[in-house]
Amino acid sequence: MAPRVICTCYHCIKSSVTINGTVQPGRLVHATTRRNHEKHIQHSASPRLRQTPSSSASKQYKPPDTPTDITFSTVQIVQMVCILIAWLHLQAGVSRSVANTILKAVQLIISMALHLIETALSSAGFTISLVGLTIPQDVRTAFVHCIHEPDIIRIVCCPVCFSLYSRPVPLKCQWKESPRSRPCNTDLWKHENTSKGPKEVPKRFYSTQSFDSWLEFFLARKVIVNALDETFRQRGNRPAAFGGDMHDVQDSPAWQDLTGIFSNPYHLVFGIYVD
């Protein structure tokens, strides 16, 4: 009887055989049977092997011959970085020097990331050029990108009598307590050393914020908008308490009668009170 061998072809490997107490996949068959199984597998696989190179070659991607420039908007990235630095400086108490160091580090990290992307795509056959990204190097410049600066009006002010002067500003204060009294005669200008040399600058300014810019900032706060809506809602639901106790100016009957100017929550009335 011819010795039998283990066949591990596609069909025989589904079975198992025990040899010397060890179970292993395969089937005990004659050597001729195993050769027939191997020939059958090679014959059935050869058409697929012949078709594989042509099919894979047809699916290969050919990179473009000309370089490709990839551009994207960097405004949002710069805005997010500036907001982070502003929060670290104003809320977390990070010093200006540390904030400037963080800005430089973020610039280095982003530049290195873009360079690595270009290198990786270039090794894959893609010739691209990513747009550069410029991060502010100073926290004060970052504030300009993410914080709306108020509109400040600066008027020259006398440091003694506090008289205000618009342009052109005289050399000395000309204010008089009365038409027959002597003028204040205080110097309104002083010498100041700057990077461009000595310069004449006013001694004192009286600074105020533009009401329009302040109102824009005031109404841009969500807590203010919610308070206006809530106040308008309470006023509409609260009847006039004629003869009753009034805890607020809005409880007065006269206030309730002002229906024309208070027809919506954004019709604002401002009052100025001086102590």
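The values are calculated or read from the model by the stated rules, or taken from the named source; none is laboratory data. Small disclaimer: the values here were computed from a predicted structure and weren't measured. Reconstructed Cβ throughout: ideal geometry from the backbone, glycine too, with neighbour counts over all protein chains shown.
The sole residue among Leu90, Leu116, Leu171, Leu103 that is modelled with pLDDT of 85 or more and within 15 Å of the chain's Cα centre (by Cα) is Leu103. Answer yes or no: is there a residue in the stretch 32-39 that is modelled with pLDDT of 60 or more and at positive phi. No.
I'm checking my understanding of the structure. Among residues of the stretch 7-25 that are of a type in the set (Val, Ile, Thr) and surrounded by 10 or more Cβ atoms within 10 Å (Cβ to Cβ), which one is modelled with the lowest pLDDT? The selected residue is Ile19. Give me the pairs: first residue in the stretch 136-155 and closer than 28 Å to Arg167 by Cβ, second residue at pLDDT 85 or above and in a loop (DSSP other than H, G, I, E, B), beta-carbon distance under 7 Å, and six or more apart or on different chains, which are they? Every condition considered, the pairs that remain are Asp151/Ser210; Ile153/Ser210; Ile155/Ser166. Condition first: more than 30 Å from Gly93 (Cα to Cα), among the polar types (S, T, N, Q) and surrounded by 11 or more Cβ atoms within 10 Å (Cβ to Cβ). Can you find one or more residues in the stretch 135-142 that meet it? Checked against the condition, which is being more than 30 Å from Gly93 (Cα to Cα), among the polar types (S, T, N, Q) and surrounded by 11 or more Cβ atoms within 10 Å (Cβ to Cβ), the stretch 135-142 yields no hits at all. Hey, could you check the stretch 72-87 for residues that are loosely packed, with under 14 Cβ neighbours inside 10 Å and among the hydrophobic types (A, V, I, L, M, F, W, C) and say which is farthest from the chain's Cα centre (by Cα)? Out of the qualifying residues, it is Phe72.
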